[in-house]
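Colleague: Have a look at this one.
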Amino acid sequence: MTEHLLPDIPGLSRAAHLLREGLLVAFPTETVYGLGGDARSDTAVARIFQAKNRPTFNPLIVHVPDLRTARLYAHFSAEAEALAARFWPGPLTLVLPLIEGTLSPLVTAALQTVAIRIPAHATAQALLRTAAIPLAAPSANLSGKISPTTAAHVASGLTGRIAAILDGGACSVGLESTILTLKPRPTLLRPGGLPVEQIEPITGPLAQPGAQITAPGQLASHYAPNAPLRLNAREARPGETLIGFGDVKADLSFSPSGDLIEAAATLFATLRTADAIAGPQGRIAIAPIPDHGLGRAINDRLSRAAAPRPLP
Ligand code: TXA
Ligand code: MG
């Protein structure tokens with residue numbers, strides 16, 4: 001049974017209780033819904049991998065309510081402090097040196113670094129403060145599938161696999177957080193809800209990670225609907241459901257006015273809708289999206305969703 005909880009005092013207390021028992025609770029953040037478990041508990045973290053069907057070598061992001069708590073788990077350089085002061089709470093994850101022995105080694109995949117963020121969403125904040133537990137939380141979907149931006153999306157993938165879903169409505173940003181590592185130099189590990197153009201004034205030009213896969217968002221096929229995807233389409237071919245943007249008009253659109261913030265917020269929900277319309281034999285075509293600001297993260301997700309799939 002998966003309990004459905006509201007973000008009121010009884011719902012938050014129940015969610016906190018389940019988390020303290022080492023069970024899993026999906027909760028909203030401003031980016032996407034997270035599948036939360038106690039980041040100090042090997043059992044809870046193992047349950048996250050099991051519920052998602054996720055390959056265990058992928059480390060998870062740890063969520064905390066404030067900077068004071070973040071400093072319990074990670075060492076902050078002056079540059080990390082500056083980024084935290086400017087962008088937290090918000091859709092930025094920093095990979096920082098781990099304070100050894102404070103978290104389950106499963107969270108960090110036994111690395112000596114930890115990915116950490118402070119979500120801005122009021123329900124995430126309320127849950128983190130009520131539970132008083134650092135929460136490991138990947139996106140609350142089955143591994144490789146589309147990330148959830150509503151409680152209903154979470155339920156469609158994880159019902160029966162997790163203890164509870166805390167329903168805080170639709171996510172406002174709609175894309176996962178931007179992930180940065182600072183050593184040996186500031187490097188973008190994953191484009192996301194905080195545009196690079198806002199970060200570079202503080203860090204200088206960001207490096208791109210090398211060929212080695214450092215974040216599972218970088219696995220070629222990810223965020224995938226069932227139907228195959230064709231990108232940069234201006235019209236639908238026979239058998240295709242077209243998703244428009246701006247002046248590419250269609251029954252579905254990420255943003256009819258061509259607004260990248262709106263497109264990010266509607267991206268995953270629109271892919272799910274198109275997948276449902278396309279059905280088992282159908283295909284999805286997608287209009288071009290400009291490659292600046294949030295468009296960069298949107299195109300990153302779309303190219304992975306369109307990538308060849310591993311055989312089942
Ligand atoms: O917006 C988000 O970031 C969402 C919400 C729920 O907060 N969470 C999310 O988590 O997307 P997840 O687990 O799906 O993505 C975690 C990413 C992975 O790409 C992982 O490789 C990277 O963080 N990561 C975690 N720890 C790392 C580390 N120590 N070094 C490098 N990358 C790390
Ligand atoms: Mg994910």
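Colleague: Hey, what number do you get for the chain at 222 nm if only DSSP H runs of n ≥ 4 count, each worth -39500 (n - 2.57), divided across all residues, to the nearest 500? Walk me through the intermediate numbers first.
Modeller: Values: 9 runs with 95 residues, N = 312.
Rounded to the nearest 500, it is -9000 deg cm²/dmol.
Colleague: A further question on this structure: If I model a spin label at residue 198 and residue 185 as a point 7 Å from the Cα along the Cα→Cβ vector, what separation in nanometres do I get?
Modeller: 2.5
Colleague: Skipping prolines and chain starts, which residues have an amide H placed within reach, meaning under 5 Å, of the one on residue 113, given they are 5 or more residues away or on another chain?
Modeller: Sorted by chain and number, the residues that satisfy this are 98.
Colleague: While we're looking at this one, here's another question. Note the full-extension length gain between residue 66 and residue 207 as 0.36 nm times their separation in residues minus their Cα-Cα distance, in nm to one decimal. Numbers along the way, then the final one.
Modeller: Details: separation 141, 0.36 × 141 = 50.76 nm, distance 2.75 nm.
Gain on extension, residue 66 to residue 207, equals 48.0 nm.
Colleague: Just subtract the alpha-carbon distance of residue 8 and residue 21 from 0.36 nm times their residue separation and send over the number in nm, one decimal.
Modeller: Working: separation 13, 0.36 × 13 = 4.68 nm, distance 2.00 nm.
Difference between extended and current length: 2.7 nm.
Colleague: Follow-up question, since we're still on this one. How about the stretch 37-141: which chymotrypsin sites (Phe, Trp or Tyr not before Pro) there are in a DSSP loop, with at most 16 other Cβ atoms within 10 Å of their Cβ? Intermediate results must be reported in sequence, preceding the final value.
Modeller: On the way: sites: 49, 57, 73, 76, 87; in loops: 57, 73, 76.
Here the sparse-neighbourhood loop sites are 57.
Colleague: By how many nm would the segment from residue 53 to residue 159 lengthen if fully extended, with 0.36 nm per residue of separation less the alpha-carbon distance? Kindly include the intermediate steps, with their values, before the conclusion.
Modeller: Working: separation 106, 0.36 × 106 = 38.16 nm, distance 1.37 nm.
Once the chain is fully extended between residue 53 and residue 159, it gains 36.8 nm.
Colleague: Right, another one. If amide hydrogens are placed 1.01 Å from N in the peptide plane, which non-local residues have theirs closer than 5 Å to the one on residue 121?
Modeller: Those qualifying (amide H under 5 Å, at least 5 residues apart or on another chain) are 30.
Colleague: Sort 275-285, 17-27 by packing, meaning the average of other beta carbons within 10 Å per residue, with the highest value first. All intermediate terms of the calculation are to be shown ahead of the outcome.
Modeller: Working: 275-285: 15.5, 17-27: 21.9.
Highest mean packing first, the order is 17-27, 275-285.
Colleague: Classify the stretch 119-174 from the C-alpha gyration tensor, please: rounded if a/c falls under 1.5, else prolate or oblate depending on whether a/b exceeds b/c.
Modeller: Prolate is the answer for the stretch 119-174, as a/c is 1.5 or above and a/b outweighs b/c.
Colleague: Still on this model: Hey, what do the phi angles of the stretch 242-251 turn into as Karplus ³J(HN,Hα) couplings, whole Hz, using 6.51/-1.76/1.60 and θ = phi - 60°, x for Gly and Pro?
Modeller: So the Karplus estimates, Gly and Pro as x, are 8, 9, x, 7, x, 7, 7, 8, 7, 4 Hz.
Colleague: Cut-off under 27 Å on the C-alpha distance; same-chain residues fewer than 8 positions from residue 52 excluded. Which lysines are left, in chain and number order?
Modeller: In chain and number order, the partners are 145.
Colleague: On the accessible surface of the chain, probed at 1.4 Å, how many percent belong to carbon and sulfur atoms?
Modeller: Details: 7430 of 13150 Å².
Reported share for carbon and sulfur atoms: 57 percent.
Colleague: Ordered by residue, what ³J(HN,Hα) values in Hz, to whole numbers, does the stretch 17-32 give under the Karplus form 6.51 cos²θ - 1.76 cosθ + 1.60, where θ = phi - 60° and Gly and Pro are x?
Modeller: Per-residue couplings from phi come out as 4, 4, 4, 5, 7, x, 8, 9, 10, 7, 9, x, 10, 5, 8, 9 Hz.
Colleague: With a 1.4 Å probe and all protein chains left in place, how much accessible area per residue does the stretch 3-203 have, in Å²? All intermediate terms of the calculation are to be shown ahead of the outcome.
Modeller: Details: 7520 Å² over 201 residues.
Here the residues of the stretch 3-203 average 37 Å² of exposed surface.
Colleague: In terms of modelled amide H atoms, which long-range or inter-chain residues lie less than 5 Å from the amide H of residue 255?
Modeller: HN-HN under 5 Å from residue 255: 246.
Colleague: Also, I was wondering about something else. If the cut-off is a Cα-Cα distance under 15 Å, which aspartates and glutamates reach residue 249, setting aside same-chain residues fewer than 8 apart in sequence?
Modeller: Qualifying aspartates and glutamates at Cα under 15 Å: 235, 240, 259.
Colleague: Also, quick follow-up: Find the relative contact order for the stretch 229-306 and round it to a whole percent, using C-alpha pairs within less than 8 Å whose residues are 6+ positions apart. Intermediate results must be reported in sequence, preceding the final value.
Modeller: Values: 130 pairs, mean separation 31.1, N = 78.
Contact order relative to length: 40 percent.
Colleague: Shifting gears a bit: How would you order 61-70, 182-191 from highest to lowest mean count of nearby Cβ atoms within 10 Å? Could the numbers behind the result be given before it?
Modeller: Numbers: 61-70: 19.8, 182-191: 16.9.
Result, highest mean first: 61-70, 182-191.
Colleague: Another question about this same structure. Enumerate the calculated ³J(HN,Hα) couplings along the stretch 282-297 in order (Karplus 6.51 cos²θ - 1.76 cosθ + 1.60, θ = phi - 60°), each rounded to whole Hz, writing x wherever the residue is Gly or Pro.
Modeller: So the J values, rounded to whole Hz, are x, 10, 10, 10, 10, 5, x, 10, x, 9, 10, x, 5, x, 5, 5.
Colleague: Once each part is reduced to its C-alpha centroid, what is the distance from the stretch 237-312 to the stretch 97-166 in angstrom?
Modeller: When both Cα centres are located, 26 Å separates them.
Colleague: Oh, and also: For residue 152 and residue 43, what is the calculated FRET efficiency with R₀ set at 30 Å and r taken between the beta-carbons, to the nearest 0.05? Could you put the intermediate results ahead of the total?
Modeller: Working: r = 28 Å, r/R0 = 0.94.
So, using R0 = 30 Å, E works out to roughly 0.60.
The values are calculated or read from the model by the stated rules, or taken from the named source; none is laboratory data. The shown structure was predicted, so the numbers you read here are calculated from the model rather than taken from an experiment. Here Cβ is always computed from backbone atoms with ideal geometry, including for glycine, and neighbour counts include all displayed protein chains. Note: accessible area is taken over every heavy atom of the protein model, side chains too, but ligands, DNA and RNA are not part of it. Shrake-Rupley method; radii C 1.70, N 1.55, O 1.52, S 1.80 Å.
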